[in-house]
Amino acid sequence: MGGRILDGKKVAEEIRGDLRRRVLFHRDRGLRPPGLAALLVGDDPASRLYVSSKVKACAEVGIHSDEALLPAGSGTLEVLAAVRDLNARREIDGILVQLPLPGGVEEDAVLEAVDPAKDVDGFHPVNVGRLALGRPGFAPCTPAGIMELLNRYGIPLTGSRAVVVGRSRIVGKPMAMLLLRQHATVTICHSRTRDLPALCREADILVAAVGRKAMITGDYLKEGVVVVDVGMNRVTEEEEARLLFGGDEKRIRTVREKGSTLIGDVVPTAMWERSSFYTPVPGGVGPLTIAMLLSNTVASFEARHGTAG
Ligand code: NDP
């Protein structure tokens, strides 16, 4: 069939453009910029990198950002105190707690301490509950970004059969809730699901959020399915890359020259051939996650000021 790309990079740029305009609109009316604070505990290099890319993205749309850094070895009480401080700060509209927290810090207690009105990651039980009830609130950024993508490409959701593989609280579960909110008939699958390929073959929309390299083969895909591949895995062997990426010499060269290339949960050649639309990896879901974090921050600011751009 030859599926068309759902271009997450392009949609993320459109979202950022819209946010820039809204931030300028508020500035012209004499309001302060929206503010996002990242709370980082310890010195894990990957977490540092994530935080600095979020800070950079904030600057690009005119959001003020702040980093609250706590040393490795901080305990739950110290982290809770830092959260309370951010809750109280008037110039901060959004708080993101960079996960994972170091062992010994109680993650649930920390996430529950964030003011739900500043919970731009959508992890607080109040926002999880609002999502389940279909009430307004913050939805987690990755699934929220996927909804933006599907909606902007006009993918019909009402009455469609959607299958979500993965039930994490960051991706799978909120994804299912958001699809349900838009009237899809949703099946959630996980590691104990029986006959996964048969269930997946029923899908008009298949969201793969497992984290297993090329687990979903052509046998799982109905002809014409819309595939959203959330997984981020790596191929390190040239031979394997040739098998999974078919004749895509660019990807094979990347493995040869850089030692690896990104791949999702779905076999790329199968996805290209059988889908009507698909998200590429990279350039599909990934760019939308940070764009939605910024979007939630601006929405939080606007709610606080009773204003919309
Ligand atoms: P988790 O590990 O938290 O969840 C994985 C889910 O997959 C679990 O529900 C698990 O089931 C299910 N699963 C595992 N093995 C199988 C199997 N053989 N068959 C069916 N289901 C299975 O991962 P996340 O949800 O956090 O992330 C999923 C992927 O998405 C990862 O690759 C991650 O890197 C990527 N990701 C990408 C983002 C982006 O911005 N592009 C953002 C967030 C994540 P069970 O519950 O039974 O264990």
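Just a few scattered comments:
- If the condition is being touching a Gly at 6+ places or on another chain (Cβ under 7 Å) and crowded, with 18+ Cβ neighbours inside 10 Å, then region 78-93 contributes I92, D93.
- Here L221, L157, L150 are screened, and the one residue that is farther than 30 Å from S260 by Cα and not small (G, A, S) is L157.
- Count of region 271-293 residues which are part of a helix (DSSP H, G or I), within 11 Å of the ligand (Cβ to nearest atom) and of a type outside the set (A, V, I, L, M): 3
- Among the candidates R212, R201, R169, residue that is surrounded by 15 or more Cβ atoms within 10 Å (Cβ to Cβ) and at pLDDT 95 or above: R201
- Within region 140-174, if we keep just the residues that are touching a residue at least 40 places away in the same chain (Cβ under 8 Å) and touching a Gly at 6+ places or on another chain (Cβ under 8 Å), the residue that is nearest to the ligand (Cβ to nearest atom) turns out to be G166.
- Candidates in region 250-270 are the residues that are small (G, A, S) and under 26 Å from A203 (Cβ atoms); of these, the one that is farthest from the ligand (Cβ to nearest atom) is A270.
- Scanning region 231-246 for residues that are in contact with a Lys or Arg (Cβ under 6 Å, 6 or more places away or on another chain) and within 15 Å of the ligand (Cβ to nearest atom) yields one hit, N233.
- Close Cβ contacts (under 8 Å, 6 or more residues apart or on different chains) running from residues in region 97-111 that are closer than 17 Å to S52 by Cβ to residues that are surrounded by 20 or more Cβ atoms within 10 Å (Cβ to Cβ) and not aliphatic (A, V, I, L, M) comprise V97/D121; V97/F123.
Each row is one residue, and each column tells you yes or no for (1) surrounded by 21 or more Cβ atoms within 10 Å (Cβ to Cβ); (2) at pLDDT below 95; (3) away from the ligand (no atom under 14 Å from the Cβ).
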| position | (1), (2), (3) |
| --- | --- |
| L221 | yes, no, yes |
| G224 | no, no, yes |
| D229 | yes, no, no |
| D248 | no, yes, yes |
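- Residues (free of Cβ contacts under 8 Å to residues at least 60 places away in the same chain and either farther than 17 Å from L111 by Cβ or surrounded by fewer than 18 Cβ atoms within 10 Å (Cβ to Cβ) (or both)) located in region 34-49: D43, D44, P45, A46, R48, L49
The values are calculated or read from the model by the stated rules, or taken from the named source; none is laboratory data. Quick caveat, the model's predicted, so the values are computed rather than measured. We place every Cβ from the backbone using ideal geometry, glycine too, and count neighbours over all the protein chains shown.
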